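A quick write-up on the structure given underneath.
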């Protein structure tokens, strides 16, 4: 098994071997072009991001700047939106479902290093898959850590560090991120805290 195969299998690997450095460089070139595209060239922007990512829905919108390692390990569903400064370290697979909304300065990390300094100094690192369900909203400045699975319909509060799996239909916040409460049918009538919708077409 070469180092790329080890990386994709979530095993310890060395990131400068077996063509991995060259692959990252090719992705950096694509990302540079995407991040420096004139803002009015929306059609070209869509083509560029779909060339960077491994799989997308028809409708995908990522605001520049965006950064990732390889791109081909990232899969996003339909109606994907990410605001400024999304960082995805995709040495392992990152799968995100439909209708994701990602606020500014969110980081999704599959990458990590051994805890012990001797092991860490050996040059080995690892990537563990991250999975995010449908209809998930991730608040600004949040970090999703390696190996985490986030369920459907989850809201993650700003500034959270998600280190453990989250089930469907919950609000979770904090560092480390903890579940605050379940999302209920009553929540449908409110757009912010105790403020109810004053229109009827939100349902």
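Any read-out appearing in this document is the output of simple, stated calculations on the displayed coordinates, not a laboratory observation. Just so we're clear, the structure is a prediction, and the values are computed from it rather than from any experiment. Here the Cβ is made from the backbone with ideal geometry for all residues, glycine too, and neighbour counts use every protein chain on show.
Taking the empirical scaling 2.2 N^0.38 Å for compact globular proteins as reference, the chain has a Cα radius of gyration ratio of 1.10.
Between the alpha-carbon centres of segment 24-48 and segment 71-114 there is a gap of 17 Å.
P(r) tail for segment 35-131: Cα pairs beyond 16 Å make up 58% of the total. Taking 0.36 nm per residue of separation and subtracting the current Cα-Cα distance, fully stretching the chain between residue 149 and residue 201 would add 15.5 nm. Remark: the residue 169-residue 194 segment gains 7.1 nm on full extension, using 0.36 nm per residue and subtracting the alpha carbon distance. In this rough spin-label picture, where each label sits 7 Å from Cα along the Cβ direction, the residue 30-residue 120 distance is 3.1 nm. Note on segment 61-110: Rg/Rh from Cα positions, Kirkwood definition for Rh, rounded to two decimals, is 0.92. Computed from Cα atoms, the angle from the helix 20-35 axis to the main principal axis of the chain rounds to 40 degrees. Contact order for the chain, expressed relative to its length and based on alpha carbon pairs under 8 Å spaced 6+ residues apart, stands at 13 percent. Treating r as the C-beta distance of residue 161 and residue 42 and R0 as 35 Å, the FRET efficiency rounds to 0.55.
Once you keep just the Cα pairs under 8 angstrom separated by 6 or more residues, what percentage relative contact order results for segment 88-203?
About 19 percent, as a whole number.
Axis of helix 42-52 versus longest Cα principal axis of the chain: the two differ by about 50°, to the nearest ten degrees.
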